[in-house]
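Visitor: Could you have a look at this structure, given as structure tokens, before my questions?
Just so it is clear, none of the values below were taken in a lab; they were calculated from the coordinates. The structure presented is a predicted model; accordingly, all values stated were derived computationally and were not measured. No Cβ is skipped: glycine too gets one built from the backbone with ideal geometry, and neighbour counts run over all protein chains shown.
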């Protein structure tokens, strides 16, 4: 959540920044008014409590002086003020909950260097990369055999069975078979090994408490996009970012231990409620997919370097896989609600002739840490401060799988696999139809 103290000190500046990401200024004004009311009620409650305490002392003095009439009068007044204090306390609590709810739904303040814009049309397209670009070669031209969509290639080779996936769980739950399943497993192992030099591997639970999803900002705003097991009050995680952010929830870390970096591969579950009839063929948009996530707690001063490291690692994986990709700097109107700055990585799919997002690398400033109450103790002995959080996909495998089978398709219908995966496939370098 945003810093309430900053909102109090700079209401106009904070409001102006939030407007750039589509927030109604009236919503911010309502929060400011609620906060003022909440603080006034707390002051009234405290004043009434002090008066009751003072009267209690006077009652004791009156009884000591055997002035029962005065003692009774003071006690009656104390009871009256006590009722008023309890009423003020109840109103303060209710107003405080309204303030917290408002803070939970207002998005993060975008970074000053995030491009201004209303939606994805205003995003800034940056670096393009493809094999051979260092030598100045032109952008790749894909052969006709590579223009076949992955769902047709997968069915042809028997490595993707969408019909049986739908039979088991419904549409948009893919089923991978044979070499298709092995390719998916190889991608995860390869990426986890690539990050083990710096990132501690975690295997978190697949389900999480409501408070865990609140910590990242997925709740309450995006509850319709998540899968809830109501009987147990547990949510299927939409990304490993969710459990990793709560690894140190409610704790105070030592500055000397930062940055703390984690990586995890998990299944990710998303309802994609707004996706009906749109981009849902094959693996373009699915309810369940595997993804390797990179995550870090850091100080504000470390954040830029940590953010750059996650982005560089995700890019390096794409280069190692030989995929044609580009970097997109998301504008203020298109970044996720919890993010202050986000870069997306998109790979080109020759089979569907479009760019597909395969990684979103975000810096959240202290927005998530405030929700999760993760702080660090500065080495200079000053008061604890909130950490900053950074995370990014490295990588999301469903669309990577799709592009690999399209881009790697040969004229004889086999699929040539990237060299970096051969060791994870027992030396296998291609996929062919099963006899």
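Visitor: Taking the Cβ of each residue in 30, 3, 257 as the centre, tally the other Cβ atoms inside 10 Å and list the residues starting with the fewest.
Guide: 257, 30, 3
Visitor: With Rg and the Kirkwood Rh both taken from Cα atoms, where does Rg over Rh land for segment 209-253?
Guide: 0.98
Visitor: Compute the separation of the alpha-carbon centres of segment 385-435 and segment 334-357 and state it in Å as a whole number.
Guide: Taking the Cα centre of segment 334-357 as reference, the centre of segment 385-435 is 18 Å away.
Visitor: Tell me, what are the semi-axes, in whole angstrom and largest first, of the equivalent ellipsoid of segment 4-105 as set by the roots of 5 times the Cα gyration tensor eigenvalues?
Guide: Over the Cα atoms of segment 4-105, the ellipsoid semi-axes are 44, 11, 7 Å.
Visitor: Could you tell me the relative contact order of the chain? Use alpha-carbon pairs under 8 Å, at least six residues apart, and round to a whole percent.
Guide: 20
Visitor: In a GNM of the chain with a 10 Å cut-off on Cα contacts, which of 335, 109, 202 has the highest mean-square fluctuation?
Guide: Answer for the Gaussian network model of the chain: 202.
Visitor: Show log10 I(q)/I(0) for the chain at q = 0.07, 0.08 Å⁻¹, two decimals, from a solvent-free Debye sum over equal Cα scatterers.
Guide: For the chain at q = 0.07, 0.08 Å⁻¹, log10 I(q)/I(0) is -0.44, -0.55.
Visitor: Among 145, 298, rank each residue by its count of other Cβ atoms within 10 Å, from fewest to most, as a rough exposure measure.
Guide: 145, 298
Visitor: Please work out the ratio of the alpha-carbon Rg of segment 127-285 to 2.2 N^0.38 Å and round it to two decimals.
Guide: 1.31
Visitor: In whole Å, what are the extents of segment 272-426 along the principal axes defined by its C-alpha atoms, from largest to smallest?
Guide: If we take the Cα atoms of segment 272-426, the spans are 67, 39, 24 Å.
Visitor: Let a ≥ b ≥ c be the square roots of the eigenvalues of the Cα gyration tensor of segment 199-283; is it rounded (a/c under 1.5), or, if not, prolate (a/b larger than b/c) or oblate?
Guide: Verdict is prolate for segment 199-283.
Visitor: Same structure again: Would you mind checking the tilt of helix 303-320 against the longest principal axis of the Cα atoms of the chain, expressed as 0 to 90 degrees and rounded to 10?
Guide: On a 0 to 90 degree scale, this one is about 20.
Visitor: Same structure again: Would you work out the relative contact order for segment 1-104, in percent, from Cα pairs under 8 angstrom that are 6 or more residues apart?
Guide: Over segment 1-104, the number comes to 35 percent.
Visitor: Right, another one. Ranked by Cβ crowding within 10 angstrom, fewest neighbours first, how are 229, 1, 75 ordered?
Guide: With the fewest neighbours first, 229, 1, 75 line up as 229, 75, 1.
Visitor: Follow-up. If you average the alpha carbon positions of segment 1-15 and of segment 145-202, how far apart do those two centres end up, in angstrom?
Guide: If we compute the Cα centre of each part, the gap is 45 Å.
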